[in-house]
Amino acid sequence: MQGQMMTLPLTIPSLLEHAARYHGDTEIVSCTQEGPLHRYTYADAQRRAKQAANALVRLGVKPGDRVATLAWNGFRHFELYYAISGIGAITHTVNPRLFPEQISWIIRDAEDEVVCFDLGFAPLVQAIAADCPSVRHWVAMTDRAHMPALPIANLLCYEELLAGEPDHFTWPPLDEHSAATLCYTSGTTGNPKGVLYSHRATLLHALSSSLPDALALSGREVVAPVVPMFHVNAWGLPYSAPLVGAKLVFPGSCLDGESIFKLFEREGVTFSAGVPTVWLSLQQYMRQSSGRLPALQRMIVGGAACPPALMHSYEQEFGICLQHAWGMTELSPMGTVNTLKASQLTLDPEARFAIAVKQGRPPFGVDLKTVDDNGHELPRDGHSAGALMVRGHWVVEHYFGIDQSPLVDGWFPTGDVATLDADGFMQITDRAKDVIKSGGEWISSIDLENIAMAHPAIAEAAAVGMPHPKWDERPLLVVVLKPSLLATREQVLAHYPGKVARFCIPDDVVFVEALPHTATGKVSKALLREQLRDYHWPAANQPEVAK
Ligand code: AMP
């Protein structure tokens with residue numbers, strides 16, 4: 001017997017319809033490439049998304065076609081999220097921080113028909129246009145007065161396109177399983193792979209990620225997605241904020257500590273999300289300026305392991321909860337969020353902090369397990385580390401254009417190594433390819449980095465396994481010092497005894513001006529290893545045979 005309830009498809013336009021109808025006067029504020037701050041409401045955004053939808057249809061965009069964006073977080077990008085997916089086409093967010101050849105490769109692979117780009121990316125578009133034969137139209141996301149002078153025949157102006165269109169449009173009935181958005185993985189090894197999200201997965205992700213034990217979003221929050229809209233849909237915030245009717249604040253391209261601080265202060269931001277490097281630069285600015293953000297209560301930190309010292313500093317110095325979360329492009333991206341359970345609230349502060357530094361526990365809709373090298377499930381005891389596997393309503397099943405599924409017995413192998421405890425809290429010990437394998441033992445590079453980051457003179461640190469003739473690999477610590485602070489190799493290494501087993505202590509420290517970062521703001525271990533190609537262990541550290 002069938003249930004007798006309504007069946008309304010779980011589709012992306014319904015989120016904006018809801019926000020426009022029930023939170024119509026709630027603001028969306030954006031830093032713009034043209035200069036002044038832009039301010040309008042969900043009702044305005046809905047009207048303009050409908051104008052954009054009409055424009056895309058007029059340009060001949062059909063259901064299933066890919067329309068790419070090369071853009072920062074802002075109101076036009078937000079409108080396109082809804083307009084493109086709303087007509088049944090696929091919003092393909094391309095990471096503009098990649099190399100031009102990678103970008104044109106991705107656009108060719110996705111066979112994008114239209115590319116909408118922010119003003120600042122005009123030189124990039126000029127460089128790649130000839131290598132993107134599938135693109136019929138390049139749309140500059142600005143008005144006529146700011147149009148870039150590009151020698152491209154099929155160049156259009158976003159504001160002109162919208163101005164010619166009515167602001168009423170009936171979203172077509174869409175199958176909730178149909179494709180809505182596309183995002184490529186960062187592809188640190190080999191070519192990037194496309195992850196094709198469905199309307200249903202995106203809706204369920206938005207619902208679940210808003211829950212109190214996940215991001216705890218509500219219509220009373222002022223949400224600033226600092227994580228870019230090209231990095232897994234800004235972790236779903238452009239969908240979950242309208243779902244709850246939260247005010248949205250988009251930082252555009254101004255992502256340095258000072259700009260973020262000033263924007264958050266002016267707009268009364270209460271909640272944000274970003275990678276650790278962004279919160280490091282905000283921390284530095286707040287320390288230097290003695291500025292405080294009393295409205296800001298919580299910030300999600302994910303994309304890379306957050307050093308416990310950073311969490312501690314935000315809590316103690318600024319009264320801001322830096323909340324750990326873990327996810328992947330393949331997971332839409334939310335996998336876990338760290339929210340304490342009722343039974344843990346009465347623990348002493350030290351025990352609570354030991355839990356808070358973990359990556360967190362999965363919300364409903366995500367299931368996790370860890371397995372050994374033979375695929376056997378490991379105990380959920382908080383210390384058995386193994387390959388992390390995941391399944392759920394918003395987890396990838398196939399990559400775009402690749403027949404073979406990455407799943408193993410219905411689970412997605414994340415490539416992360418982790419522990420799970422009896423309460424469901426997951427802790428990443430490493431990315432499988434970054435684990436340091438020394439004499440048959442595994443050393444967590446994240447543990448070594450976290451200890452280094454607690455040193456008062458260290459701004460950023462990365463631990464890598466360097467080839468060693470006796471031990472296979474040994475840990476090398478690469479360190480960036482804080483401006484005008486000094487520390488010697490010996491002082492840094494003296495920080496380790498008592499915090500990790502003796503064999504885990506790095507054998508050497510290299511001081512550098514800056515660490516290489518990936519296009520999504522994480523330390524790039526691949527590039528770092530390349531930079532360290534000519535590194536040699538100090539003579540004292542060479543085994544007998546090699547001397
Ligand atoms: P991406 O698909 O680019 O978002 O990268 C996903 C990968 O980032 C994961 O598989 C992890 O290796 C890493 N990652 C994401 N969040 C965290 C976190 N909170 N702690 C440690 N690693 C993380």
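Remarks
- A single member of Asp143, Asp118 is under 17 Å from Glu34 (Cβ atoms), buried (at least 21 other Cβ atoms within 10 Å of the Cβ) and assigned by TED's automatic domain parsing to the domain that holds Tyr82, and it is Asp118.
- Filtered by the rule that a residue be surrounded by fewer than 22 Cβ atoms within 10 Å (Cβ to Cβ) and either touching a helix residue (DSSP H, G or I) at 6+ places or on another chain (Cβ under 8 Å) or under 13 Å from Thr93 (Cβ atoms) (or both), segment 195-208 gives Leu196, Leu207.
- Residues satisfying the criterion are absent from segment 287-297 (criterion: hydroxyl-bearing (Ser, Thr, Tyr), within 24 Å of Leu340 (Cβ to Cβ), more than 16 Å from the ligand (Cβ to nearest atom) and at pLDDT 95 or above).
- Which numbered condition Val390 fails, given (1) closer than 22 Å to Val232 by Cβ; (2) out of contact with any Leu (no Cβ under 7 Å at 6 or more places or on another chain); (3) within 16 Å of the ligand (Cβ to nearest atom): (2)
- Scanning segment 360-386 for residues that are within 16 Å of the ligand (Cβ to nearest atom), farther than 23 Å from Ile443 by Cβ and outside any loop (DSSP other than H, G, I, E, B) yields Gly360, Arg361, Val366, Leu368, Lys369.
- Residues satisfying the criterion are absent from segment 343-359 (criterion: within 16 Å of the ligand (Cβ to nearest atom) and in a strand (DSSP E or B)).
- Identification of helices (runs of 4 or more DSSP H) wholly contained in segment 72-141 with 2 or more residues that are modelled with pLDDT of 95 or more and either closer than 30 Å to Arg200 by Cβ or of a type in the set (Phe, Trp, Tyr) (or both) yields 75-86, 100-110.
- Looking across Leu182, Leu156, one residue alone is at pLDDT 95 or above, over 20 Å from Gly86 (Cα atoms) and part of a strand (DSSP E or B). It is Leu156.
- Among the residues of segment 222-229, none qualifies, meaning not one is out of contact with any Phe, Trp or Tyr (no Cβ under 8 Å at 6 or more places or on another chain) and modelled with pLDDT under 95.
- Filtered residues of segment 492-536 (kept if farther than 26 Å from Pro456 by Cβ, free of Cβ contacts under 8 Å to residues at least 40 places away in the same chain and among the charged types (D, E, K, R)): Glu530, Arg533, Asp534
- Test: Ala385 is in contact with a Pro (Cβ under 9 Å, 6 or more places away or on another chain), under 26 Å from Lys525 (Cβ atoms) and among the small types (Gly, Ala, Ser): no
- Within the span defined as segment 186-200, one or more residues are free of Cβ contacts under 8 Å to residues at least 60 places away in the same chain, away from the ligand (no atom under 16 Å from the Cβ), closer than 28 Å to Arg108 by Cα and part of a strand (DSSP E or B).
- Test: Ser218 is free of Cβ contacts under 8 Å to residues at least 40 places away in the same chain and surrounded by fewer than 16 Cβ atoms within 10 Å (Cβ to Cβ): yes
- Taking segment 229-342 as the region of interest, the strands (runs of 3 or more DSSP E) fully inside it that hold 1 or more residues being of a type in the set (Phe, Trp, Tyr) are 247-250, 271-274, 321-327.
- Selection status of Glu113, of a type outside the set (Phe, Trp, Tyr) and touching a Lys or Arg at 6+ places or on another chain (Cβ under 7 Å): yes
- Among the residues listed as Gly327, Gly365, the single one being within 29 Å of Pro192 (Cβ to Cβ), buried (at least 22 other Cβ atoms within 10 Å of the Cβ) and small (Gly, Ala, Ser): Gly327
- So Asp403, is it surrounded by fewer than 13 Cβ atoms within 10 Å (Cβ to Cβ), at pLDDT below 95 and at negative phi: no
- Condition met for Asp416 (surrounded by fewer than 16 Cβ atoms within 10 Å (Cβ to Cβ) and not in a helix (DSSP H, G or I)): no
- Selection status of Pro349, within 19 Å of the chain's Cα centre (by Cα) and either of a type in the set (A, V, I, L, M, F, W, C) or on the phi < 0 side of the Ramachandran plot (or both): no
- For Lys62, the stated conditions hold: it is part of a loop (DSSP other than H, G, I, E, B), basic (Lys, Arg) and either closer than 21 Å to Gly268 by Cβ or out of contact with any strand residue (DSSP E or B) (no Cβ under 9 Å at 6 or more places or on another chain) (or both).
- Asn54 passes every criterion in (1) buried (at least 21 other Cβ atoms within 10 Å of the Cβ); (2) in contact (Cβ under 8 Å) with a residue 40 or more places away in the chain; (3) more than 22 Å from Leu196 (Cβ to Cβ) apart from (1).
- Qualifying residue in segment 83-90 (condition: touching a Leu at 6+ places or on another chain (Cβ under 6 Å), over 21 Å from Leu196 (Cα atoms) and not aromatic (Phe, Trp, Tyr)): no
- With respect to (1) under 20 Å from Pro413 (Cα atoms); (2) surrounded by 14 or more Cβ atoms within 10 Å (Cβ to Cβ), the lone exception for Leu340 is condition (1).
- Matching residues, segment 306-321, being out of contact with any Asp or Glu (no Cβ under 7 Å at 6 or more places or on another chain), over 18 Å from Val249 (Cβ atoms) and not aromatic (Phe, Trp, Tyr): Cys306, Pro308, Ala309, Leu310, Met311, His312, Ser313, Glu315, Gln316, Glu317, Gly319
The values are calculated or read from the model by the stated rules, or taken from the named source; none is laboratory data. Computed from a predicted structure; not experimentally measured. As a convention, Cβ positions derive from the backbone with ideal geometry for all residues, glycine included, and neighbour counts pool all protein chains shown.
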